[in-house]
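The values are calculated or read from the model by the stated rules, or taken from the named source; none is laboratory data. Not measured: the values here are computed from a predicted model. Cβ coordinates were reconstructed from backbone atoms using ideal geometry, including for glycine residues, and neighbour counts include every protein chain displayed. Side chains included, ligands, DNA and RNA excluded: accessible areas come from the protein's heavy atoms. Shrake-Rupley method; radii C 1.70, N 1.55, O 1.52, S 1.80 Å.
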Amino acid sequence: MARRSGFLHAMVRAQREAERKRTAQLRGMAKAQTQVARAAEKARKDYERATVADQKERARLYTESKMAQVDFRNEQLEQQVEQLEQLLLDALSFDTFINLQTLKQTPDLPAFNPGLLEIAEPQPQADMYTPPTLTGIQKFLPGAKEKFAQEGAKAQEVYRTHIAAHATREMARQRALAEKQVQYDRQVAEERERITLQHAEIDKFQQDLLAGSPQAIVDYFTMVLASSSYLDGFPQHAKIAYVPESKQLVVEYDLPTFGIVPEVGSYKYVKSKDHVTETARPLTQRKSAYSSVIAQITLRTLYEVFRADRIGHLDTIVFNGYVDSIDKGTGRSIRPCLITVRTSHDIFKSLNLNQVDPQACLIALNASVSKSPAELAPVRPVLEFSMVDPRFIEEIDVLSGLDQRPNLMELTPSEFESLITNLFQKMGLETRLTQASRDGGVDCVAYDPRPIFGGKVVIQAKRYKNTVGVSAVRDLFGTMQNEGASKGILVATSGYGKASYEFAEGKPLELLSGSNLLYLLKEHTGIEAKIEMPDNWKDPQPDA
C-alpha cells in the first residue's frame with residue numbers, strides 16, 4: 001500500500017512537472033509571439049512613416065519643379081522684353097557692310113576614292129600549279145613518270161585558265177576604275193564650273209554696284225536688310241526702290257504686329273490649387289513698348305542701310321513702315337503705314353544713336369509717327385513706294401516701236417501746261433495759270449476748297465533733265481510767302497538732291513519728282529505717260 005502511495009505521488013509530481021514545463025513552454029511561445037508581433041507592428045508603422053515621408057518628398061519635388069518652370073517662363077518673358085528694348089543698341093555693334101568678295105564659294109572637291117577598285121588582284125603564280133616532284137622510289141614505280149607528266153599537263157591547263165580569268169577580271173577592274181575616274185573628273189569639272197560662274201556673277205554684281213546700276217543697288221541693300229538678325233515673330237521683309245537722279249533709296253518695311261509685345265506680365269504658381277496663373281501686362285505698358293519697337297526698327301534700318309553704303313550711292317533714305325493686320329470692324333485685311341520719315345546721310349550720321357531716345361530722335365528727324373500704333377492709326381507716307389519710277393522697280397517692255405505712251409518731254413509748252421492744270425484739277429484743286437516763267441516751267445495758283453486743311457497753293461512744274469537745284473526750291477518758298485499761300489508744290493520731270501530735301505524739311509513744301517508725276521497722272525487722270533529725254537534736250541535757264 002505504501003509502495004502504491006509512493007508511486008502515485010511520483011506520478012503526480014511527474015504530471016505537475018510536465019504541466020509546469022508545458023506552461024513554461026507556452027509562456028515562452030507566447031512571449032516569442034509577442035516579440036514577433038511587436039516587430040511586425042513596428043515594421044508596419046515604419047513602412048507607413050516611410051510612405052508618408054516619400055509622399056511628402058514627392059510633393060516637395062513636384063512643387064519645386066512647378067516653381068522652377070514658372071521661374072523659367074518669367075525669365076523668358078524678361079529676356080523677350082529686354083531684347084525688345086535693345087533692338088537698336090544691339091545693331092550698333094555690327095558693321096552691316098557686305099564685302100561681296102567674301103561671298104565667293106570655294107570648290108567642294110572630295111578626294112578621289114575608288115575603294116577596292118584601286119587594288120589589283122594578284123596574278124596566279126606558275127609554281128602554285130606544278131605537281132610535287134617525284135622523289136626516291138617514286139621514280140622507279142611503273143607509270144609514275146607518265147602520271148607525273150599527265151598531272152603536270154592538267155596543272156598547266158588549269159594555270160592557263162586561271163590566268164585568262166584573272167586577265168578578264170583585271171580588265172573589268174581597270175575599266176570600272178577608269179569609269180570611276182571619268183565620273184570623278186566630271187564631278188570636279190562641274191563643281192569648278194559652278195564656282196567659276198558664281199564668282200563671275202559676284203564680280204558682275206560688284207561691277208554693276210560700283211557703276212551705280214539701280215537694280216544692283218536695290219539688290220545690295222535688300223541683302224543688307226535680309227542679313228539683319230531679329231527675334232522670332234518679326235516679318236523682316238522689305239521692298240526697296242532707288243531713284244538715281246536724287247540718290248534716294250525708298251524702303252517699304254514690314255513691321256511686327258502689336259502682338260510682338262507679350263500680353264503676360266508674369267506667371268505665378270498657386271500651390272493650393274496646383275495651377276499656374278498669369279498676370280496681365282498693363283495695356284499702357286504694352287502700347288509704350290510697341291511704339292518704342294517701331295521707333296527702334298526705323299532707326300535701326302536707317303543705320304544699317306547708311307552704314308552699308310561705303311560706295312556713297314545714297315544721299316537720302318525714305319522709310320515707310322507698314323503692318324499687315326485685320327480691321328476688327330470689317331474683318332478685312334489692312335496695311336496701314338505707322339511710321340514715315342525722310343532723312344539725309346549727313347543728318348543721320350550726326351546722331352549719337354547710343355544715347356538717343358528712339359521716339360524723341362524720330363521727332364527730331366521730323367518723322368510722321370502714328371499717334372496710336374496699337375490701334376493701327378495710319379499716317380501718310382512722305383513718298384509712296386508705288387510713286388517711285390517704275391523703270392527701276394519692274395521690268396517693262398519699252399521698245400520704241402511698241403510703246404505708245406506720250407512722252408512728257410515732247411509735249412509743247414501749252415500742252416504741258418494743260419496737262420499739269422488738268423492733273424491738279426482732277427486732284428480736287430481749283431487752278432488758275434499765271435504768267436509763264438522764263439525757265440519754261442508752269443506756274444499756277446490753286447485753291448484747296450477743303451475746310452481747315454485747304455487754302456491757297458502755289459504750284460510750279462519744270463521739265464528738267466538734270467537734278468533740280470535747291471535754288472528752285474528756295475524760289476518756290478519765296479513765291480509761296482509772297483502769295484500768302486499755305487503750301488507750295490514743285491513738280492519736276494527729273495529728281496531732287498539732298499540739299500533740296502533738307503531745305504524743304506519742316507516747311508509746307510512738297511517736292512514731286514518725275515516718278516511721282518507719272519504716278520499721279522495715271523492715278524488721277526488715267527494717262528500712262530513716260531519721261532524720255534531727247535538727245536538734244538537742254539535744261540532751260542532758271543528764272544533770275
**OP:** For the range 206-248, enumerate the residues that are hydrophobic (A, V, I, L, M, F, W, C) and more than 21 Å from the chain's Cα centre (by Cα).
**Re:** 209, 210, 211, 243
Original post:
Counting only residues that are within 13 Å of residue 520 (Cα to Cα) and either at pLDDT 80 or above or not aliphatic (A, V, I, L, M) (or both), how many does the range 376-399 have?
Top reply: 6
**OP:** Please state which one of 261, 318 is more than 23 Å from residue 386 (Cα to Cα) and open to solvent by less than 10 Å² (accessible area, probe 1.4 Å).
**Re:** 261
Subject >> Residues located in the range 478-504, provided they are open to solvent by 60 Å² or more (accessible area, probe 1.4 Å) and either under 21 Å from residue 465 (Cα atoms) or assigned to a helix (DSSP H, G or I) (or both) >> reply: 481, 482, 483, 502
Subject >> Selection within the range 202-236 - over 23 Å from residue 321 (Cβ atoms) and loosely packed, with under 13 Cβ neighbours inside 10 Å >> reply: 204, 207, 210, 211
Original post:
Only one of (1) modelled with pLDDT under 85; (2) closer than 19 Å to residue 526 by Cα fails for residue 439. Which number is that?
Top reply: (2)
Original post:
Which one of 270, 251 is free of Cβ contacts under 8 Å to residues at least 40 places away in the same chain and not charged (D, E, K, R)?
Top reply: 270
Original post:
Do you know which residues across the range 77-103 are of a type outside the set (A, V, I, L, M) and open to solvent by less than 90 Å² (accessible area, probe 1.4 Å)?
Top reply: 80, 83, 86, 90, 95, 96, 97, 99, 101
**OP:** Considering every residue within the range 61-70, establish whether at least one is at pLDDT below 90, of a type in the set (D, E, K, R) and open to solvent by 50 Å² or more (accessible area, probe 1.4 Å).
**Re:** yes
